[in-house]
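Each remark here refers to the structure printed beneath this line.
Here, each number is a calculation from the coordinates, and none is a lab measurement. Quantities reported herein were computed from a predicted structural model and do not represent experimental measurements. Reconstructed Cβ throughout: ideal geometry from the backbone, glycine too, with neighbour counts over all protein chains shown.
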Amino acid sequence: MSDARVGLVIEDDHDIRELVRTVLSQAGFDVSVASSGAEGVLVAKTLNPDVITLDLGLPDIDGFEVSRQIREFSDAYIVMLTARTEELDTLIGLESGADDYLTKPFRPRELRARIAAMMRRPRSVADPADAMPGDAAADGGAAHPERGNFSHNGLELSYASRTVVVDGKEMNLTRTEFELLHALLEAGRTVRTKSDLVRRLRDEDYDVGSYISEADERSVEVHMGNLRKKLGDSPQKPRWLQTVRGVGYRLAPGEH
C-alpha cells in the first residue's frame, strides 16, 4: 500500500482543476478530481482524503453545502477557492467547515504553502509514544504540553489520538478547531492574540513578522465561534474559552 497522502480537487473549471492537481501532486499527494459538488462528496466518502480544495461556485451544489456535507463524515483539511471577495462569503465558508480559503486568481506557491502548513500540524508535538496520560497541572492546564495531554474543567484533549472529550462525550471538531483549542490549552492563562493564532495555524513562530490581515484575524474569530458552539461554551460565562476583548483569547480559570 502507498503511504502517500491523498488530495481531492473539487473544481468545475478544467484549467484550474489541472493547476491544483499539479500543485498537490508536486507536494507528494495522490490526487483525485471531481468536477461537481455531488461527485466531490461521493469521492470524499470513498477516498477519505487528507486535503480537499473546494471551488465555491460549483455548477450543481454550492461549495458551502458541499463543505457541510463533507464535514458530516470527514475531518480532512478543506481549502476553499473562490472568485468572490466579499467578507460574508468568506465567513460563511469558514462556518460551513472550511479550514482556509484563497481568492482566485491565486499563486500556486501560496496554495502549496498553505497546504504544507496544514499538513505539518499533527507533527508539531512529540511522538505519540511519549504521551503520558494523566500529566495535568494542578490548575487544570497541562504540566507537559509537549506530551500532548491536557485536562481542564471536564475537558480532556489528547494530541496523540487527536481526540477531545467533554464530560465523557467525544467531540467532533475540525482539525483547525482542534488546533485552536490545543493552542489555548497549551498557553494556559496566557493570552493568545488573534495574530498569534493565525501564525499557529500557518505553523509559524509566534514572533515572526509575517503579515496578518484583518480577514485572517476575522477567520480566527469564526473558527473560535464554531468551536464554542460545539463545546457548548458560553461567551458570557466561559468554561474553557475566554475572550480578551480587543486582544484575543485565553483559557478560562480552573473550576474549584
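Just how far, in whole angstrom, is segment 236-256 from segment 157-177 if you go by their alpha carbon centroids?
19
Can you give the FRET efficiency for ARG120 and LYS45, using 1/(1 + (r/R0)^6), R0 = 25 Å, r = Cβ-Cβ distance, to the nearest 0.05? Numbers along the way, then the final one.
Details: r = 26 Å, r/R0 = 1.05.
FRET efficiency, ARG120 to LYS45: 0.45.
Which lysines, if any, have their Cα less than 20 Å from the Cα of LYS229, not counting same-chain residues under 8 positions apart?
By straight Cα distance, LYS229 reaches LYS169, LYS194, LYS237.
Largest first and to the nearest Å, give the Cα extent of segment 31-118 along each principal axis.
29, 26, 21
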